[in-house]
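Scroll down for the structure; my scribbles are underneath it.
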Amino acid sequence: MKIKGIDFPRQLVNALRDDKLVVFAGAGVSMGDPANLPSFRGLTRAVARGTGRTLQDDESEDQFLGLLRYSGTDVHTRAKQELSQENPHSTDLHRDLLRLYPKSKSPLIVTTNFDLLFEQAVDGLFDSEPDVFRAPALPLGRKFSGIVHVHGALDRPDEMVLTDADFGRAYLTEGWARSFLVEVFRSFTVLFVGYSHNDTIMNYLSRALPVSETDRRFALTHDAKDSRWQNLGIVPIEYIKTSDNDHGPLLRGVHGLANHARRSILDWQREITEIAQKPPTLDDEAMDVIKDALTDETKTRFFTDAATSVEWVAWLDERDNLDGLFGSGELSERDVLLSNWLARQFLCEHPDELFLSIGRHHMRVNPAFWRQLCRTIESCEDAKLDCEILSRWVSLLLATAPAQLESEHPLFCLGERCIKNKLLDRVVDVFDAMAASRVVVKRGFSWPVSDEEEQSPRMDIECAPVSDHHTINELWTNGLKPNLDLVAETLLATVIEHLTTQHRTLTTWQEANRDWNPVSDSRSAIEPHEQDKYPETIDVLIDAARDCLEWLATNRPEKAAQWCDRLAGEESPLLRRLAVHALSFHNDPNSSEKIEWLLACMDLYDHAAHHELFVCLRKTYPKADQRQRMAVIDAVQAYRAPIQEDEDTKTKTAYRHFSRVGMWRGGLGVALLICFRPFRLAVPQ
């Protein structure tokens, strides 16, 4: 997140928000006005002044101070005098580092400085004075708050860590500094301020850095390109100096970060609203404010309440902020806000940008976002949603519909809206989606078997449309049935495809009897029938196919004839029944021609279609010529019951002959045929 020219990593900003950021303050924090304290190297040279010894460029400070002490110099007292003599005062940087913690009761500051300038700068920032810890009495590193002088402080000069012997006790023999730091580095994200990669103190601190979790350690520096930061396992955060002694960018960056941390919710609302009311800009800091806002539910609400420019859609999508809306998981509260905003703000007036976003995500839409789009279409004002846009949305939503719908209501609402806008082709598409079948496998009943026989589990298979009867019937009754003159052919093709697929699926599980179809068996008649007064969803499809065929037979007989020819040859018994039923309504062929078609295309002993065959022959036989009547009788006589050991085949054959003629001519007609028969019927003796 870019603040005042410094790009602070998101992980650091999030840690600060969650009170999980510890600031490590080095000598550089106290070197500016009005503190003007020296660096550790400068302090070492000051302590050596007058001793006759000089710190060499290649000599480390701790070892040099150790030699001074060994030679009799009281380095601790001299260090205290050097750091206290000018009566230093805290800097703005001290105060801004403390200001990073507005929400907590106390700051999380660890300093290797001996001065007490943080304690001086704390005035008025917290409700109570923060705890202060001085080495070697350090708190638990995994759980602390306050200001920790990990190398000691001026008010206890003898305990300040200055010489190599002091560092040895702190990090090796007694190890209190190392123990504390290891726990801090394991438990918190840390930010080093006021250090360089080659500081002696940084070299000691690095010994406590765990090898893992290197992505949780950061340092503000002007030499970020130096590879030694990475060698220490620290991520550099660069600020640009305009001159050697210009650390103004660092001060402004920390001040800006502190202001960011201390923003009130009203401040956030005001700034986010001001940015969001305009299209996305090239201002990195402004855009980073929006990025930060989108990590928080409340701030996201400020954005969605204010943003109206369609350019925000692509801007958010390119930065992966909309990924949740095109995944399969449960939406977060933030994602819900974004989904509502996108649908409400852009579905009607700027749909193309949403279409492109869906396309960019390979036509995948999160089920919750999909439902929100459907709800918005349902409630959208007529004036805002013209027919062309609605048609595109319905097409897209049907293509991206979830595999398992919690409810058919969204589809039904799409269909109702299309009916209202007279988009009948889209109504057929919605009907098609609602008519799709779903296979359900259940454990069925199995008859007991003997101990010697191996019993496999019986399975019951259901293959029915996903929609409930009431919902799909409303769409059929209110939208499609009154408009058969416009949709009959399209709708019929759609329904026949579903019935064919259903039969194919069912017979996959019943290979021994490919003529078996429980849907056909449960339907008493294709026409309305009193025994079918408790319809199921599949009955809506059968009714739709029947009514489409009847309309075609009446208004487009050539097209109806083509359908009859096709359906008569289908494996599905339900489709054969529809073909025979449609023939009854066909006006062009006379009765003799209809009988000729039946004899050529159908089996008069087709058990599944027996009802429709009887109905059709009852209508056509009395009006047919003598030649066709005799052809029917010959077809009846041609039947021979299969030979079985336990049955009287002759009697069974005669009974089937009798039942076929009797059903479509009536019992009296059979008796007369038998009495005057110019042809022979096999009848029971």
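The values are calculated or read from the model by the stated rules, or taken from the named source; none is laboratory data. Computed from a predicted structure; not experimentally measured. Neighbour counts run over all protein chains shown; Cβ positions are idealised from the backbone, glycine included. Surface areas here come from the heavy atoms of the whole protein model, side chains and all, with no ligands, DNA or RNA. Shrake-Rupley method; radii C 1.70, N 1.55, O 1.52, S 1.80 Å.
Key figures for this structure:
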quantity: Antiparallel bridges, percent of DSSP beta bridges restricted to the chain (to nearest 5); calculated: 30 percent
quantity: Shape category assigned to segment 549-633 from the gyration tensor of Cα positions, a/c cut at 1.5; calculated: oblate
quantity: Ranked order, Ser128, Ser520 - accessible area, probe 1.4 Å, largest first; calculated: Ser128, Ser520
quantity: Rel. contact order, % - alpha carbon contacts under 8 angstrom, at least six apart, segment 263-349; calculated: 29 percent
quantity: Once the Cα gyration tensor of segment 37-193 is diagonalised, semi-axes √(5λ) in Å; calculated: 29, 19, 12
quantity: Cα-centre dipole for the chain with unit charges at Cβ (Lys and Arg positive, Asp and Glu negative), debye to 20; calculated: 1040 debye
quantity: P(r) weight above 49 Å for the chain, C-alpha pairs, percent; calculated: 49 percent
quantity: Calculated [θ] (222 nm, deg cm²/dmol) that DSSP helices of n ≥ 4 give over the chain, each run adding -39,500 (n - 2.57); calculated: -15500 deg cm²/dmol
quantity: Rounded to the nearest 10 Å², the accessible area of His247 at probe 1.4 Å; calculated: 70 Å²
quantity: Selection from Phe431, His362, Gln345, by position along the positive dipole direction of the chain (Cβ); calculated: Phe431
quantity: Amide H within-cut-off set for Val310, under 5 Å, with H built and near neighbours excluded; calculated: none
quantity: Cα lying deepest toward the dipole's positive end in the chain, options Leu316, Ile461, Leu398, charges on Cβ; calculated: Ile461
quantity: For segment 15-125, size of Cβ-based charge dipole, Lys and Arg +1, Asp and Glu -1, in debye; calculated: 220 debye
quantity: Rounded, prolate or oblate (a/c below 1.5 giving rounded, otherwise prolate when a/b exceeds b/c) for segment 166-222 by Cα gyration tensor; calculated: oblate
quantity: In sequence order, calculated HN-Hα J values of segment 354-369 (Karplus, 6.51, -1.76, 1.60; Hz; x Gly/Pro); calculated: 5, 4, 5, 5, 4, x, 5, 9, 6, 6, 10, 10, 4, x, 5, 5
quantity: Heavy-atom accessible area ranking, 1.4 Å probe, most first, across Thr163, Thr508, Thr51; calculated: Thr508, Thr51, Thr163
quantity: Gain upon complete extension [Arg438, Gln230; 0.36 nm per residue less C-alpha separation]; calculated: 69.2 nm
quantity: For Arg438, distant residues with modelled amide H under 5 Å away; calculated: Ala464, Val466
quantity: Accessible-area ranking of Lys420, Lys299, Lys241, largest first, probe 1.4 Å; calculated: Lys420, Lys241, Lys299
quantity: Segment 3-108: C-alpha gyration tensor shape, a/c 1.5 cut-off, then a/b vs b/c; calculated: prolate
quantity: Pairs from Lys422/Lys481; Lys4/Lys241; Lys533/Lys619; Lys299/Lys384; Lys533/Lys559; Lys20/Lys105 whose Cα-Cα separation, in the structure shown, is over 19 Å; calculated: Lys533/Lys619; Lys299/Lys384; Lys533/Lys559
quantity: Estimated inter-spin distance, Leu67 and Arg263, nm [label 7 Å along Cα→Cβ]; calculated: 5.4 nm
